[in-house]
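No lab work stands behind these numbers, since they all come straight from the coordinates. Predicted, not measured: the structure shown is a model, and the values here were computed from it. As a convention, Cβ positions derive from the backbone with ideal geometry for all residues, glycine included, and neighbour counts pool all protein chains shown.
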Amino acid sequence: MKWEDQERSKNVEDRRGQGGGAGGGRPRVGGRGVGVGTIVIALLAGWIFGINPLTVLGLLGGGGAPVEMAAPAGPAQAPPAQDNMAQFVSAVLRDTEIAWQQVFAANGQQYRPPKLVLFHGRTPTACGTGDSAMGPFYCPGDSKVYLDMEFFDTLSRRMGAPGDFAQAYVIAHEVGHHVQNLLGITGKVDAMRGRVSERDMNMLSVRVELQADCFAGVWARLSQGGKIRLEPGDIEEGLNAAAQIGDDTLQRKSQGTIVPESFTHGSSQQRMAWFKRGLDTGSVQQCNTFDAKRL
């Protein structure tokens, strides 16, 4: 990716020097499950501790009201100019802001961009204590994306998805959850919790995650008209990242068997297909996973 000439977002908050966050509670995985990284802890738990990833995912996806948290000490800080990775994240976030502002304006609406919080270890959020082990996640309670950039090393080394566009895809996916929140989709899906079976809730979760993948593809399509330029191999990096975090791929790696009814994010093929659908069409209307008869 060519991103160095892109503007930097002013909506990046750097908490990395503030230490771990206090407070109890567990992050609600993003408006229900929002996070490309929600499955990372499940996979790592399976590898390191011998825990069934499905059990971990069940815990991470638990309900409960947002927890009142202590605010981080001191004013929000912007990332340092010499931090190249933080500047990359800021550039990608700014590009998502430009793209979604265009989409919302075309529909007579105003886009309210999320904040992106860089942290290390633990940090307070409106959804409970955010933990690096969760991977990136979006909290609808405060409209913030939370990211420990060490996840990118995990994505590359442990999950087999290297490359700067793979990292950009992760950010765009989380921003996609923010778009869902603005459109009221997150609240409608979360309202179904406890009213439908676990299996049906899992199916709804899959549709939520695939739509966020499609929204990431819409951003990738629109970004090509700006200062971020895609290079040969970038799209393949994004598709590979989508494939590596598919439920079937993760289950196969961690437990050797696939349990489709337990999927919460979608198969590798589904995640690639919906990302590519957004990329090919650049249309939000083409990302309606909830009305799709086949995913």
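Taken along the Cα-to-beta-carbon direction at a fixed 7 Å, the label points for Q255 and R195 span 2.9 nm. Of the Cα atoms belonging to the range 118-179, the radius of gyration and Dmax stand at 11.6, 32 Å. Legend: distances between Cα atoms for K2/K276; K144/K293; K144/K188; pairs beyond 27 Å are K144/K293. For the range 159-295, the Cα-based Rg and Dmax, in that order, read 14.9, 46 Å. For the range 70-216, what class follows from the C-alpha gyration tensor (a ≥ b ≥ c being the square roots of its eigenvalues): rounded when a/c is under 1.5, otherwise prolate if a/b is larger than b/c, else oblate? Verdict is rounded for the range 70-216.
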